[in-house]
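All remarks here apply to the structure that follows.
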Amino acid sequence: MRIRLAIDDVAPVGRSLRDAIAERRERIVVDVARRALARIIDETPVETGRLRAAWIGALAELGGAGSTGSPEGTARIRETASVLEIEIENAVPYAAAVEYGTRGRAGEHIIVRALQGAAGI
């Protein structure tokens, strides 16, 4: 299961404003990703702790966790001239089933709620 957060560069603006945006955008996007992950971690149901530990591992890679978590969770930052993208992955095999549900069980929809909350929606 992957989550991607991306912010496209704004339309043509003055050079100094564009430079200021470029300097701050990584900090802003990483902060939103950390807040979303913190919400995901808090709301992840726990039976064995494996799913939550993977999310904690991803948060640790963004510098936002006191614990190292599990290597099943990763976070990567990619930047181009116009896009800064953070890809967060939880490689626990049943992550999608918990999020989206199965035929016999409703999904938790943790990620959507966390992203909306982190973005202030």
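Worth pointing out:
- Residue within segment 50-70 that is surrounded by 19 or more Cβ atoms within 10 Å (Cβ to Cβ), closer than 23 Å to Asp31 by Cβ and among the basic types (Lys, Arg) present: yes
- Enumeration of residues in segment 92-117 that are within 16 Å of the chain's Cα centre (by Cα), assigned to a loop (DSSP other than H, G, I, E, B) and touching a residue at least 40 places away in the same chain (Cβ under 8 Å): Val92
- Total residues in segment 59-83 satisfying the condition of being modelled with pLDDT under 85, within 11 Å of Ala33 (Cβ to Cβ) and aliphatic (A, V, I, L, M): the figure is 0.
- Those residues of segment 57-91 which are touching a residue at least 60 places away in the same chain (Cβ under 8 Å) and within 17 Å of Leu115 (Cβ to Cβ), in sequence order: Leu84, Glu85, Ile86, Glu87, Ile88, Glu89, Asn90
- Output for segment 63-83, where each listed residue is part of a loop (DSSP other than H, G, I, E, B) and polar (S, T, N, Q): Ser67, Thr68, Ser70, Thr80, Ser82
- Residue selection: Ala36 satisfies the criterion of being surrounded by 12 or more Cβ atoms within 10 Å (Cβ to Cβ), in a helix (DSSP H, G or I) and modelled with pLDDT of 85 or more.
The values are calculated or read from the model by the stated rules, or taken from the named source; none is laboratory data. Note that the structure is a prediction, hence the values are computed from the model and not measured. Counting neighbours? That spans all protein chains shown, and the Cβs are built from the backbone with ideal geometry, glycine included.
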